[in-house]
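Since the structure comes first, as structure tokens, the remarks are kept for the end.
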Amino acid sequence: MLICPECNNSLDFTADLSGDITCRECSRTFCRTNGFISFDNESFAASQDYLANNDDAFIAAEDEATEARISRYFVPQLRRLGLESDARILCLGCGGGADVAALRALGYQNAFGVEMGWRSVWWKSRGRDADSLFIVGGNALPFQDDFFDLIICLGVIEHVGAIGSGAQLYPDYREIRQRFLAEAVRVLSKNGKIILSCPNRTFPVDFQHNISKSTVFKKVAAKTGVSFHSPRHRFLNSYQDIRAIASTVSDSLIVEPMPVAGFLGLSFKKSPYLRPLSSLFDQYLAVLDKMPSTLRMSFFNPYMITLIHHRDRGL
Ligand SMILES: C[S@@+](CC[C@H](N)C(=O)[O-])C[C@H]1O[C@@H](n2cnc3c(N)ncnc32)[C@H](O)[C@@H]1O
Ligand SMILES: [Zn+2]
């Protein structure tokens, strides 16, 4: 399953889980960081520059939110997609790895995760499996072609092409996002599916990032978790943006909106300002899911969750 990102030769990953891996073809050695193999293609060390948040309560809250989202949203969706328990699943940009652990606990034994940022520092203390998580960015994945049946990539695409952990973009952010998706499609099986999510650019509020530009709105966002932004804020993506990126990767790729109800969970409900609105918001999303799917592709939808697959291989 693993290949050397340098020369594409397959790597022997069956041996000692505590050892490094050396490619027999090009002799490059991939070492372990905190017990996890690091492919380090996007300077993991540099990503440590911005402060790792090691606050236990913060980590526990993220784990809890991720686990709840898997059971609340993903279990029914994976069933709907007809995914068997032996399906090969990749959580791309898996953060603390709670989604991989939750999927494995549910019986999806071939769930893996990759992450290049500071959340991978938590893996050891959270007791994650060293054979399920790899430190590597999405631009040169150490997996063979056509391998995964499902790739789950949540809240990552907006950070691809962004500078550090901020919302400022590199001038070539579009090409960086295209290369990121192309690499995901390379490791996806021909019948595979990608679930990709991001706050919807055309909806004026982002509940996850403080990207407001004016000082007043920045302060409001810091206090309430509600960040108002321009629908032209290119850090975020719309359905149309994801379609445009996908069309540069392959003209056989289809991008469809997935249901949104049940996806946004605890982070929203934890804010004292948003909590009173949360049941109204849940009802709004449930109604949105029942309306024609084009509405979910418009500014009516706060959160973009897309299903990407090759033509004629959908639901
Ligand atoms: C907001 S977090 C989301 C984590 C997790 N997917 C979740 O839903 O909780 C975004 C994650 O994407 C990771 N990320 C950003 N760019 C990436 C890239 N090019 N390859 C892999 N991961 C990336 C970041 O390091 C960060 O952990
Ligand atoms: Zn090699």
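The values are calculated or read from the model by the stated rules, or taken from the named source; none is laboratory data. Predicted model, so just to flag it, every value in this text is computed and none were measured. Neighbour counts run over all protein chains shown; Cβ positions are idealised from the backbone, glycine included.
The figures follow:
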read-out: Scan of the range 157-186 for residues that are within 17 Å of the chain's Cα centre (by Cα), among the β-branched types (Val, Ile, Thr) and away from ligand 1 (no atom under 11 Å from the Cβ), ordered by number; value: Val185
read-out: Selection from the range 162-183 of residues that are under 14 Å from Met116 (Cβ atoms) and either buried (at least 21 other Cβ atoms within 10 Å of the Cβ) or hydrophobic (A, V, I, L, M, F, W, C) (or both); value: Ala162, Ile176, Phe180
read-out: Selection from the range 141-175 of residues that are among the small types (Gly, Ala, Ser) and within 20 Å of Ile308 (Cβ to Cβ); value: Gly155, Gly161
read-out: Hits in the range 141-197 - residues which are in a strand (DSSP E or B) and within 16 Å of ligand 2 (Cβ to nearest atom); value: Phe143
read-out: Candidate set from the range 184-196 (those that are basic (Lys, Arg) and over 13 Å from Ser252 (Cβ atoms)); member that is surrounded by the fewest Cβ atoms within 10 Å (Cβ to Cβ); value: Arg186
read-out: The range 210-236: number of residues that are touching a residue at least 40 places away in the same chain (Cβ under 8 Å) and not in a loop (DSSP other than H, G, I, E, B); value: 2
read-out: Output for the range 194-244, where each listed residue is under 16 Å from Phe299 (Cβ atoms), aliphatic (A, V, I, L, M) and within 16 Å of the chain's Cα centre (by Cα); value: Leu236, Ile242
read-out: Ile245 farther than 21 Å from Pro76 by Cα, in contact with a Lys or Arg (Cβ under 7 Å, 6 or more places away or on another chain), part of a helix (DSSP H, G or I) and at pLDDT 95 or above; value: yes
read-out: Elements of type strands (runs of 3 or more DSSP E) contained in the range 52-140, each with 3 or more residues being away from ligand 2 (no atom under 16 Å from the Cβ), crowded, with 19+ Cβ neighbours inside 10 Å and free of Cβ contacts under 8 Å to residues at least 60 places away in the same chain; value: 111-115
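The rows are residues; the columns are (1) in contact with a Ser or Thr (Cβ under 9 Å, 6 or more places away or on another chain); (2) on the phi < 0 side of the Ramachandran plot; (3) of a type in the set (A, V, I, L, M, F, W, C).
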site	(1), (2), (3)
Arg177	no, yes, no
Ser189	no, yes, no
Gly192	no, yes, no
Asn200	yes, yes, no
Ile211	yes, yes, yes
Ser230	no, yes, no
Asp289	no, yes, no
